[in-house]
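Novice: Sending over a structure as structure tokens; questions will come in a sec.
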Amino acid sequence: MSIMKETKEPVPAGKPGVEEASAGTLELKDVSYVYSEGTAYEIRALDHISLTMPSGQFIGIIGHTGSGKSTLIQHLNALIRPTEGQVLYNGQDIWADDFDRKELRGQVGLVFQYPEHQLFENDVLSDVCFGPMNQGLSREEAEEQAKKALLQVGFKEKNFKKSPFELSGGQKKRVAIAGVLAMNPRVLVLDEPTAGLDPKGRDEILDQIAGLHEERGITIVLVSHSMEDMARYASRLIVMDHGKVAFDDVPKEVFSHYKELEPMGLAAPQITYIMQTLKERGLPVDERVTTLPEARDSILAALRTRGGAL
Amino acid sequence: MIRDITLGQYYPSGSVLHRLDPRTKFIGTLIFIVSVFLFRRVPGYAVATLFLGAMIVISRVPVKFIFKGLKAIFVILLFTAAFNILLTPGETVLWKWKFLTVTKEGLVLAARMAVRLVYLVIGSSLMTLTTTPNQLTDGLERLLRPLNRIHVPVHEISMMMSIALRFIPILLEETDKIMKAQIARGADFEKGNIIQKAKNMVPLLVPLFISAFRRANDLAMAMEARCYHGGDHRTQMKPLKYSRLDVIAYVILAAYLAVAILFRVLGL
Ligand SMILES: Nc1ncnc2c1ncn2[C@@H]1O[C@H](COP(=O)(O)OP(=O)(O)OP(=O)(O)O)[C@@H](O)[C@H]1O
Ligand SMILES: [Mg+2]
């Protein structure tokens, strides 16, 4: 029975104790973005998006290839300017003339889809120092931040002096994430940080990100293609479809619309399908659970109440 | 931001012009350019205008794109016009100030040069708007093939050209991505003096070169893995073939050229 109650949990609004971090709210107001405007190749990548991202949430963004996820997150730290609409940070228009966009980029850290795009220094530590030093820190202070960030993403100290180009894909990703984390952002935006990683590396990185969310209380915006990951980590799930927001809710609610997700080239976690089928076959399970342990408990409980053989 | 600079500004509209063989279009453009220099007076330019106008209508490319190319030569156009107007000596002087004179001959010459320049740009834009860069290099390769006899490596040159063309948009996109990634880490590509600016480019150039070399290497490997070797006896997947459309086009072009030559002889 306890499981049934959990399904209606509200979207958590920030952790207690980081109340003052309510500074850090991002808001998109009716944002549209058109690539190559005025040419034959015009593409409307975002179509009148309105969203609020309060401080402290763990937000997942999912959507088929080309649905506009990467375009959306580049608006969050003023890398691209909306064709129409406004982006607000703490209520201020980030494209106002007197807004300090460099400062914003320190507060809203963005890790891109392919990290090898940004590594350039001779050794890992210097590379991670690049961000903090751009913020005006001295080399010593920057190194301190960099070391902390590298350890936080699970990068081994013995590799600090290696060239970033000798690293494996997973290690490069960690360095890239650390490079942004070292700037002490309030909001960390990650574009498919786990693409091209093995399952173990994927879980490690995601666990570390979830840990950062817990420890530092920073907002996480995570773009991913994996519904399973979303079910496990996100407290709020935004589904993009052709440049529009199709769903924006707690993951459980979103997954309950799994029939509508399929035409968008998406699917609910596999466990949802198993539970649905069990329910249709007459086992009174909770079909809205989204993770494996929850499913196990629900099935066991259902079997017990039915008094069937275990 | 950077991808807005489209090179080889192909505009797909599937018109008759698009379906013509690139060789036809190449030769057609050449004939048009020659004709623009053959014509000397208003009746001649009326014919050229008519011809160009008809081609623009047939191409179904929006006029806006066709005139875009003119923006780039606007300054040159202004200069040549000014020099021609002010510095051409002539009989009928209209206005004079120190060494600057405006003569009737000067005005005529300026107008003629301006028209020629504009038509030249519009004519070649029309070709690049209706032909993909790859088709163009294919066409050029075929047209230059006779040079093989005198040991010019035509195939290799055109291969390099098409690879270079293919990579320009990719590299532009990559530059855009790396720039964004570094800006997100607080890099600033605009502030400071020249030396500082050059230094600031390091975080952009290093990853860019690395990725360019990696791409070049990958491409070379992929070509080798498929046993590529250029030169003799190499066939094409889509060999260029003239169709009936091209025959008609050549007939029209020949007629047009004949008219141009005739006008020249008649002094029109
Ligand atoms: N630099 C660009 N120039 C032109 N069009 C672009 C550019 N970047 C993206 N697009 C187009 O905008 C649309 C949205 O792209 P976007 O990269 O935001 O998708 P995405 O959801 O991140 O996809 P993926 O899951 O593949 O990363 C696509 O149709 C894409 O083709
Ligand atoms: Mg993307």
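Novice: Determine the calculated [θ] at 222 nm for chain A from helices alone, applying -39500 (n - 2.57) to every DSSP H run no shorter than 4 residues and normalising by the residue count; nearest 500 deg cm²/dmol. Could the numbers behind the result be given before it?
Specialist: Details: 12 runs with 118 residues, N = 310.
Calculated at 222 nm, the ellipticity per residue is -11000 deg cm²/dmol.
Novice: Roughly speaking, to the nearest percent, how much of the range A:48-181's 1.4 Å accessible area is carbon and sulfur? Walk me through the numbers on the way to the answer.
Specialist: Values: 2290 of 5210 Å².
Percent of accessible area from carbon and sulfur atoms in the range A:48-181: 44.
Novice: To continue, here is another question. Averaged over its residues, how many other protein chain Cβ atoms are within 10 Å of peptide B:171-182's Cβ atoms?
Specialist: Values: counts 0, 0, 0, 1, 0, 0, 6, 6, 3, 8, 14, 7.
Average per residue, whole number: 4.
Novice: Which of the trypsin sites (Lys or Arg not before Pro) found in the range A:249-310 are in a DSSP loop and have at most 14 neighbouring Cβ atoms, other than their own, within 10 Å? If you can, show how the numbers build up before the last one.
Specialist: Details: sites: A:Lys252, A:Lys259, A:Lys279, A:Arg281, A:Arg288, A:Arg296, A:Arg304, A:Arg306; in loops: A:Arg281, A:Arg288.
Here the trypsin sites (Lys or Arg not before Pro) that fit, given the DSSP loop and packing criteria, are A:Arg281.
Novice: Over what distance in Å are the Cα centres of the range B:228-260 and the range A:108-155 separated?
Specialist: So the two Cα centres are separated by 57 Å.
Novice: Run the accessible area of chain B with a 1.4 Å probe and give the carbon-and-sulfur part as a rounded percent.
Specialist: Values: 11590 of 16420 Å².
For chain B, the apolar C and S fraction of the accessible surface comes to 71 percent.
Novice: Separate question: Please return the longest stretch of chain A lacking exposed loop sites, where chymotrypsin sites (Phe, Trp or Tyr not before Pro) count only if DSSP places them in a loop and at most 16 other Cβ atoms lie within 10 Å.
Specialist: Working: sites that count: A:Tyr41, A:Trp95, A:Phe99.
Excluding the exposed sites themselves, the longest stretch runs over A:100-310.
Novice: If the limit is 24 Å between Cα atoms, which of A:Lys259/A:Lys279; B:Lys68/B:Lys180; B:Lys64/B:Lys191; B:Lys25/B:Lys238 go over it? List each step's numbers first, then the result.
Specialist: Details: A:Lys259/A:Lys279 16 Å; B:Lys68/B:Lys180 28 Å; B:Lys64/B:Lys191 35 Å; B:Lys25/B:Lys238 18 Å.
Listed pairs above 24 Å: B:Lys68/B:Lys180; B:Lys64/B:Lys191.
Novice: For chain B, what does -39500 (n - 2.57) per DSSP helix run (n ≥ 4), summed and divided by total residues, give at 222 nm, in deg cm²/dmol to the nearest 500? Don't skip to the end; give the middle numbers.
Specialist: Details: 10 runs with 188 residues, N = 268.
Taken over chain B, the calculation gives -24000 deg cm²/dmol.
Novice: Limiting things to C-alpha atoms, what are the Rg and the maximum Cα-Cα separation (Dmax) for the protein assembly as shown, in angstroms?
Specialist: Cα only, the protein assembly as shown: 31.6, 116 Å (Rg, Dmax).
Novice: If you don't mind, there's one more thing I want to ask. Please check chain B for the longest run free of GluC sites (Glu not before Pro) that are loop-located per DSSP (anything but H, G, I, E, B) and have at most 15 other Cβ atoms within 10 Å. Walk me through the numbers before you get to the answer.
Specialist: Details: sites that count: B:Glu91, B:Glu190.
That would be B:92-189.
Novice: Oh, and also: How big a patch of accessible area, both sides summed and in Å² to the nearest 100, lies buried between B and A at a 1.4 Å probe? If you can, show how the numbers build up before the last one.
Specialist: Working: alone 17540 and 15160 Å², together 30510 Å².
Summed over both sides, the interface buries about 2200 Å².
Novice: What lysines does B:Lys96 reach when the alpha-carbon gap must be under 25 Å and sequence neighbours fewer than 8 apart in one chain are set aside?
Specialist: Output for B:Lys96: B:Lys104.
Novice: So which trypsin sites (Lys or Arg not before Pro) in the range B:182-268 pass both tests, a DSSP loop state and at most 10 other Cβ atoms within 10 Å of the Cβ? List each step's numbers first, then the result.
Specialist: Details: sites: B:Arg185, B:Lys191, B:Lys197, B:Lys199, B:Arg214, B:Arg215, B:Arg226, B:Arg234, B:Lys241, B:Arg244, B:Arg264; in loops: B:Arg185, B:Lys191, B:Arg226, B:Arg234, B:Lys241.
Of the trypsin sites (Lys or Arg not before Pro), the ones in loops of the range B:182-268 whose Cβ has at most 10 other Cβ atoms within 10 Å are B:Lys191, B:Arg226, B:Arg234, B:Lys241.
Novice: Still on this model: Probe of 1.4 angstrom, ligands and nucleic acids ignored: what's the accessible area per residue over chain B, in square angstrom? Kindly include the intermediate steps, with their values, before the conclusion.
Specialist: Numbers: 16420 Å² over 268 residues.
Heavy-atom SASA per residue in chain B reads 61 Å².
Novice: Another question, if that's okay. Would you please name the chymotrypsin sites (Phe, Trp or Tyr not before Pro) within the range B:68-135 that are DSSP coil residues with at most 14 other C-beta atoms within 10 Å of their C-beta? Walk me through the intermediate numbers first.
Specialist: Details: sites: B:Phe74, B:Phe79, B:Phe83, B:Trp95, B:Trp97, B:Phe99, B:Tyr119; in loops: B:Phe99.
When the chymotrypsin sites (Phe, Trp or Tyr not before Pro) of the range B:68-135 are filtered for loop state and at most 14 Cβ neighbours within 10 Å, B:Phe99 remain.
Novice: May I pose another question? Cα to Cα, under 14 Å, and not fewer than 8 places away if on the same chain: which aspartates and glutamates meet these conditions relative to A:Lys161?
Specialist: Once the sequence-local aspartates and glutamates are set aside, what remains near A:Lys161 is A:Glu121, A:Asp123, A:Asp127, A:Glu143.
Novice: For A:Glu204, what is the net charge nearby, where nearby means another residue's Cβ is under 12 Å from its Cβ and Lys, Arg count +1, Asp, Glu -1?
Specialist: +1
Novice: Between the range B:89-118 and the range A:204-249, how many Å separate their Cα centres?
Specialist: 70
Novice: So if R0 is 30 Å, what FRET efficiency would A:Glu84 and B:Ser124 give, r being the distance between their Cβ atoms, rounded to the nearest 0.05?
Specialist: Working: r = 36 Å, r/R0 = 1.20.
It comes to 0.25.
Novice: Sticking with this structure for a sec: How much FRET efficiency would the formula 1/(1 + (r/R0)^6) give for A:Lys244 and B:Ile33, where r is the Cβ-Cβ distance and R0 is 45 Å, rounded to 0.05?
Specialist: Values: r = 49 Å, r/R0 = 1.08.
Rounded to the nearest 0.05, the efficiency is 0.40.
Novice: Sequence gap at least 6, Cα distance under 8 Å: using those rules, report the relative contact order of chain B to the nearest whole percent.
Specialist: Dividing the mean separation by the residue count of chain B yields 30 percent.
The values are calculated or read from the model by the stated rules, or taken from the named source; none is laboratory data. Keep in mind the model is a prediction, meaning the values are calculated, not measured. Neighbour counts are summed over all protein chains in view; Cβ atoms, including those assigned to glycine, are modelled from backbone coordinates with ideal geometry. Ligands, DNA and RNA are excluded from the accessible area calculation, which covers all protein heavy atoms including side chains. Shrake-Rupley method; radii C 1.70, N 1.55, O 1.52, S 1.80 Å.
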